[in-house]
1. Is it the case, given these coordinates, that residue A:95 is touching a His at 6+ places or on another chain (Cβ under 7 Å), over 21 Å from residue B:41 (Cα atoms) and more than 9 Å from chain B (Cβ to nearest Cβ)?
2. Kindly indicate whether residue B:57 is charged (D, E, K, R) and away from every other protein chain (no Cβ under 13 Å).
3. From the list B:12, B:27, B:4, B:19, which one is within 11 Å of another protein chain (Cβ to nearest Cβ) and among the β-branched types (Val, Ile, Thr)?
4. Exactly one condition in (1) of a type outside the set (D, E, K, R); (2) surrounded by fewer than 13 Cβ atoms within 10 Å (Cβ to Cβ); (3) touching a Ser or Thr at 6+ places or on another chain (Cβ under 9 Å) is not met by residue A:81; state its number.
5. Among the residues of region A:8-40, which ones are within 11 Å of another protein chain (Cβ to nearest Cβ), closer than 19 Å to residue A:107 by Cα and not in a strand (DSSP E or B)?
6. Is region B:90-103 home to any residue that is touching a residue at least 40 places away in the same chain (Cβ under 8 Å), within 15 Å of the chain's Cα centre (by Cα) and more than 14 Å from chain A (Cβ to nearest Cβ)?
7. For region A:12-29, enumerate the residues that are more than 14 Å from the chain's Cα centre (by Cα), surrounded by fewer than 17 Cβ atoms within 10 Å (Cβ to Cβ) and not small (Gly, Ala, Ser).
8. Just to check your reading of the model, which residue among B:11, B:70, B:34 is within 20 Å of residue A:34 (Cβ to Cβ), out of contact with any helix residue (DSSP H, G or I) (no Cβ under 6 Å at 6 or more places or on another chain) and buried (at least 16 other Cβ atoms within 10 Å of the Cβ)?
Amino acid sequence: DGGITQSPKYLFRKEGQNVTLSCEQNLNHDAMYWYRQDPGQGLRLIYYSQIVNDFQKGDIAEGYSVSREKKESFPLTVTSAQKNPTAFYLCASRRSGGLGNQPQHFGDGTRLSIL
Amino acid sequence: EDKVVQSPLSLVVHEGDTVTLNCSYEVTNFRSLLWYKQEKKAPTFLFMLTSSGIEKKSGRLSSILDKKELFSILNITATQTGDSAVYLCAAGTGGGNKLTFGTGTQLKVEL
């Protein structure tokens, strides 16, 4: 089945600990995105990558880091510098190039909580 | 700063009613307007609009974009309990087609 897989579904972090959220897609999409969703605030863009080995900061990149070593994978690390990491994290991907715009499609998300 | 505003924030209707959800946007380098439905987890894609005045339809759902007034609406006719969800509007901008989201409209359809 083609799709976007995020793991784990639930994650608990201790204070001062880095954690990495996984996002894998087998849709052969070039572009991948990370969003954070908080109650009443909608989705906010953390980082995005349009091509392997390249990525850009979104609106709320502080305290987060990413890598894009493979086309199908875009892991997000929540570092200890992120002071309020409790949120629902969504990964998305999009086919770029070709004719016209293409929509982003989302994974099922990872819910991160502080212990 | 890019901004997308949705209204109403929440709505409760009875099965069979018709609803209209609103989305206004103020963004630079606009490319597209998207609607998503979010139940428990992943937002699922509904529509992408790039041209003014052309209605897109899928079953009981339809949407239209007004690029002059910077506005889009999502209509749902003959609502069903399965339509209960948060409906998200997003403006796509720039070369990376980054999305700026509104806070969503929470729709509840009661029997």
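Rule-based calculations on the coordinates, nothing more; no lab input. No experiment lies behind these values; they were computed from the predicted model shown. Glycine also receives a Cβ, built like all others from the backbone with ideal geometry; neighbour counts cover every protein chain displayed.
1. Judged against the criteria, residue A:95 is a match.
2. In short, yes.
3. B:4
4. (3)
5. Hits for region A:8-40 are A:9, A:30, A:39.
6. no
7. A:12, A:14, A:15, A:17, A:18, A:26, A:27, A:28
8. Matching residue, one of B:11, B:70, B:34: B:34.
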